[in-house]
Structures are given as structure tokens and as C-alpha cells.
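Structure first, then comments.
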Amino acid sequence: MGRLKLHWQMLIAILSAVLVGLWAGQDSVLLGIHLYDVFDFIGTLFLNALKMIIVPLVMSSIIAGVAGLGGSDNLGRLSAKTIAFYLSTSLFSITVGLLLVNLLTPGVIDGEAAGSRLNLSAPEAVAEQLAQVDGRGAGDITAVFLRMVPPNIIKAASDGQMLGLIFFSLLFGVFMTRITREYSQTMLSFWNGVYETMMQVTLFIMKFAPLGVFGLVAKTVSATGFAAFQPLLIFFCTVALGLAIHTFITLSLMLRLAGINPLRHYRAMLPAMLTAFSTASSSGTLPVTIECVEKNAGVSNRTSAFVLPLGATINMDGTALYECVAAMFIAQAYGLELSFATQFIVVLVALLTSIGVAGIPAASLVAITVILGVIGLPLEGIGMLLVTDRILDMMRTAVNVFSDSCGAVVIARSEGEHGVLT
């Protein structure tokens with residue numbers, strides 16, 4: 001197995017995990033040990049290892065990358081390109097989701113609203129999920145600006161508040177170039193050294209990726225199985241089809257327009273996408289994404305260091321598509337006909353929430369809660385989404401990460417970088 005490339009090892013691990021998870025279920029015991037607990041331990045250990053290196057990797061990559069840009073004008077240009085790309089891809093993904101949910105109408109079964117048939121989650125499960133979003137709403141979108149400037153950067157780092165960490169690192173990198181050359185060169189050497197060290201740590205952790213992926217996927221499959229998906233099959237397929245169209249058509253066309261061969265980029269990013277699918281965490285996958293974009297796709301650190309951490313925080317194409325489809329699905333299930341104007345509001349709110357609430361716990365639930373509140377639907381409709389949420393979360397995270405990587409290579413090409421996927 002050691003001779004196989006990493007992505008093949010990970011694919012074999014995922015397929016094996018599906019089979020083992022289905023066979024084991026959640027209650028199987030071997031030698032007095034619950035197999036589910038074994039899967040949980042292996043997966044959590046791998047995910048913790050990835051999360052462990054996020055803060056030093058993000059800080060060192062951004063500071064070294066920004067310091068290497070050579071001025072605030074270059075940073076401003078790169079920022080404008082990055083934000084424009086991420087907003088456009090998110091808007092495209094939401095549009096795809098809106099078209100599909102209107103075409104396939106997953107919330108309507110045999111010509112009737114399916115709400116009474118599809119409220120599959122137990123009341124206590126729904127109550128537990130609603131408790132997570134209690135007191136949250138549209139105000140969380142505006143709070144993104146407060147999270148951008150944390151009062152305690154150490155606490156922000158320990159709490160995983162990526163946006164504050166990114167903002168501080170950007171400031172540090174910009175002003176590091178404005179001190180005397182003797183000190184700035186010393187600082188730049190230090191942060192480049194930290195970055196190169198963290199990349200070596202990432203490579204070491206990735207040697208155990210197949211085991212970690214196996215644990216994460218086996219845990220999910222053993223807990224959920226597939227039988228529960230049947231009543232929500234059309235909704236599941238609508239979201240999955242939308243994510244596939246956005247990944248393989250929309251983003252592929254954007255790569256083509258930038259002069260990039262999409263197939264080469266898919267191959268380069270496969271380890272990152274498989275890690276994202278297994279972990280369901282864009283931030284947790286960030287070390288792998290950076291490695292794939294720089295080592296496999298040939299993007300410079302000066303570009304990837306800015307584009308990828310920002311993308312892992314605000315660029316949520318898959319999440320935005322899911323939010324739109326989920327809100328429309330709940331509306332259909334309750335028999336509510338939404339006008340074009342109301343659907344436009346859904347699109348707009350989905351775009352804003354995919355950016356604004358991405359960094360908080362239960363982010364997708366908060367976003368859907370905001371959308372339901374805007375169009376006047378009861379929050380209990382979230383109960384219809386819980387059965388499929390975990391698997392769809394894994395899928396939309398893979399799309400989020402792939403979109404981040406597309407942004408990195410497209411912007412690198414626009415910056416005149418040579419050797420990108422050549």
C-alpha cells in the first residue's frame with residue numbers, strides 16, 4: 001500500500017470504511033471494545049493533529065506571503081481579486097441550487113406538500129439542534145466585523161476564530177516590511193522557517209491520512225447507515241447534483257477561462273478534497289489544501305498564503321448552495337409558494353450568511369435559521385434536514401475546499417505566475 005499514491009490510499013480507506021461501517025453499525029463489540037469507539041478515536045486523533053497545526057501554519061504562511069508581496073498596492077490588488085472571485089463562485093453555486101430545487105421540487109411528493117411525511121427526526125433531536133441556534137439570527141452576520149478584530153489574539157487562536165487570526169497576520173505582515181531592514185529580514189527569515197517547518201509537519205501527518213479518513217468515515221456510516229435516506233432521497237439527490245454541477249461544470253469552466261486544465265487541477269487537489277470529505281471541516285483541511293496547491297499545483301506561497309486561509313473562512317460555495325436548497329425544500333414541504341422576489345431574498349441572504357456565519361458553531365443551522373426567519377417559516381422545519389445533514393456536510397465541505405483551491409490557481413495565473421499546473 002505504501003507504493004500507492006496518497007489519494008489512492010485514501011480512496012481505498014473510504015470504500016473500506018463504508019463497508020466496515022455498514023457491517024459494524026453503532027453497537028458492534030469486538031473483544032469487549034465497541035467498534036464505534038475505535039472509529040471515533042482514530043478519526044478524532046487525526047482531526048486533532050490537523051487542527052493542531054492550523055494556527056502556526058496560517059500565521060506563518062500569511063505573514064511570510066504578505067511580506068513577500070512588496071507593498072500595500074499588491075496586497076490591495078490581491079484582496080480585490082480574491083473577494084471578487086469568491087463572491088462570484090458563491091453566487092453561481094446558489095443560482096445552481098435555486099434552479100434545481102425549483103425544477104425537482106424535493107419538498108413535494110405525489111403532488112402534495114411533504115411536511116407531514118418528512119418530519120423524521122425525534123422531537124428531542126430537533127430541540128437539541130434548535131438549542132444550538134437559540135438567540136442567533138441576522139445579527140451574527142454583522143458580528144463578523146467584530147470577530148475580525150479580536151481583543152485577545154491568543155484567545156482568538158485558541159477558540160479557532162480564523163478571521164481574527166487572518167486579520168492580525170495581515171497587519172503583522174504589512175507592518176513588518178516597514179521597520180528597519182535589519183529587523184525585517186530577521187523576522188522574514190523566522191516566519192519563513194516556521195512555515196517550512198509546519199509544511200514538513202503536515203507531510204508527516206498526511207502519512208497517516210488513510211487511517212484517519214477510515215476512522216472518520218466508518219464512524220459516520222456506522223452511526224447513520226443508508227436506510228434513513230430513502231424518505232429524503234430527492235432532497236439528498238438535489239443537493240448532491242447541485243454540488244456536482246458546481247464542481248465539475250461551473251468551476252471547471254472558470255478554470256478553462258483562466259487557461260488551466262481542469263483535469264490536472266482535480267488530480268492535484270484530490271488528497272485535499274478527500275480529507276475535506278472525511279473531516280467535514282474546511283479549516284481542519286487547510287494544511288492539506290495549502291500543501292496540494294503549492295506542491296501539486298505549483299502556486300507560490302505569496303498567493304496561496306493569502307487566498308487559501310481567507311477562502312477557508314469566508315468562501316463557502318457548497319454551504320451556500322445547501323442553505324438555499326434546504327430553505328426552499330422546507331418551504332415546499334410546508335406548501336408555501338415563494339414568489340420570485342422572495343426567492344431573490346433567499347439567494348441574497350444565503351450569500352450573506354455563507355460569508356458571515358461560517359466561523360461560528362452550527363454555522364449552517366444558523367444560516368438556515370436566518371433564512372427561515374426572513375421568509376416566515378417555523379424553525380422546526382430544520383428537523384427535516386437532520387437525517388441527511390452529516391453526509392451532505394461532508395460533501396459540501398469538499399466543494400468549499402475545491403473552490404478555495406480554484407481561487408488560488410486562477411488568481412496565481414492572473415498574477416503572472418509561471419509553472420501553475422503545467
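The values are calculated or read from the model by the stated rules, or taken from the named source; none is laboratory data. Not measured: the values here are computed from a predicted model. A quick note on method: Cβ atoms are made from the backbone with ideal geometry, for glycine too, and the neighbour counts reach across all protein chains shown. The protein model used for the area step is the full one, side chains on, heavy atoms only, and it has no ligands, DNA or RNA in it. Shrake-Rupley method; radii C 1.70, N 1.55, O 1.52, S 1.80 Å.
Any idea which of (1) of a type in the set (G, A, S); (2) part of a helix (DSSP H, G or I); (3) at pLDDT 90 or above is the one A331 doesn't satisfy?
(3)
When you scan the stretch 14-32, how many residues do you find that are assigned to a loop (DSSP other than H, G, I, E, B), among the small types (G, A, S) and on the phi < 0 side of the Ramachandran plot?
Of the stretch 14-32, the ones assigned to a loop (DSSP other than H, G, I, E, B) are 25-28, 31-32.
From what's left, among the small types (G, A, S): 25, 28, 32.
Still in the running and on the phi < 0 side of the Ramachandran plot: 28.
Count: 1.
Counting only residues that are among the acidic types (D, E) and without any contact (Cβ under 8 Å) to a residue 40 or more places away in the chain, which one in the stretch 1-47 is nearest to S278 (Cα to Cα)?
Among residues in the stretch 1-47 that are among the acidic types (D, E) and without any contact (Cβ under 8 Å) to a residue 40 or more places away in the chain, the one nearest to S278 (Cα to Cα) is D37.
Take A268 and tell me if it is farther than 30 Å from L103 by Cα and either touching a residue at least 24 places away in the same chain (Cβ under 8 Å) or in contact with an Asp or Glu (Cβ under 9 Å, 6 or more places away or on another chain) (or both).
Taking the combined requirement at face value, the residue satisfies it.
What tally of residues in the stretch 236-261 results from selecting those that are within 20 Å of V101 (Cβ to Cβ) and of a type in the set (K, R)?
Number of matching residues: 0.
Name the pairs whose Cβ atoms lie under 7 Å apart, with the first residue in the stretch 402-414 and at negative phi and open to solvent by 10 Å² or more (accessible area, probe 1.4 Å), the second of a type in the set (A, V, I, L, M, F, W, C) and part of a helix (DSSP H, G or I), and 6 or more positions between them or separate chains?
Once the first residue is at negative phi and open to solvent by 10 Å² or more (accessible area, probe 1.4 Å) and sits in the stretch 402-414, its partners that are of a type in the set (A, V, I, L, M, F, W, C) and part of a helix (DSSP H, G or I) give V410/F85; V410/M254; V410/L255.
Between a first residue in the stretch 48-62 that is over 18 Å from L310 (Cβ atoms) and buried (at least 23 other Cβ atoms within 10 Å of the Cβ) and a second residue that is among the hydrophobic types (A, V, I, L, M, F, W, C) and modelled with pLDDT of 85 or more, which pairs have beta carbons less than 7 Å apart while being 6 or more apart in sequence or on different chains?
L50/I205
Report yes if F204 is open to solvent by 50 Å² or more (accessible area, probe 1.4 Å), out of contact with any helix residue (DSSP H, G or I) (no Cβ under 6 Å at 6 or more places or on another chain) and either aliphatic (A, V, I, L, M) or part of a helix (DSSP H, G or I) (or both), otherwise no. Lay out the reasoning, then the answer.
Details: open to solvent by 50 Å² or more (accessible area, probe 1.4 Å): yes; out of contact with any helix residue (DSSP H, G or I) (no Cβ under 6 Å at 6 or more places or on another chain): yes; either aliphatic (A, V, I, L, M) or part of a helix (DSSP H, G or I) (or both): yes.
For F204, the condition - open to solvent by 50 Å² or more (accessible area, probe 1.4 Å), out of contact with any helix residue (DSSP H, G or I) (no Cβ under 6 Å at 6 or more places or on another chain) and either aliphatic (A, V, I, L, M) or part of a helix (DSSP H, G or I) (or both) - is met.
Please indicate, with yes or no, whether at least one residue in the stretch 156-168 is open to solvent by 30 Å² or more (accessible area, probe 1.4 Å), touching a Leu at 6+ places or on another chain (Cβ under 8 Å) and at pLDDT below 85.
Within the stretch 156-168 (the criterion being open to solvent by 30 Å² or more (accessible area, probe 1.4 Å), touching a Leu at 6+ places or on another chain (Cβ under 8 Å) and at pLDDT below 85), the answer is no, since none of the residues qualifies.
Within the stretch 293-328, work out how many residues are acidic (D, E) and over 11 Å from the mean Cα position of the chain (by Cα). Please lay out each step first, then the result.
As a first pass, look at the stretch 293-328 and keep what is acidic (D, E): 294, 317, 323.
The next check asks that each one be over 11 Å from the mean Cα position of the chain (by Cα); those that pass are 294, 323.
Residues meeting the conditions: 2.
So which helices (runs of 4 or more DSSP H) are wholly in the stretch 45-139 and hold at least 3 residues that are closer than 24 Å to E337 by Cβ and either at pLDDT 85 or above or among the hydrophobic types (A, V, I, L, M, F, W, C) (or both)?
Those helices (runs of 4 or more DSSP H) span 72-104.
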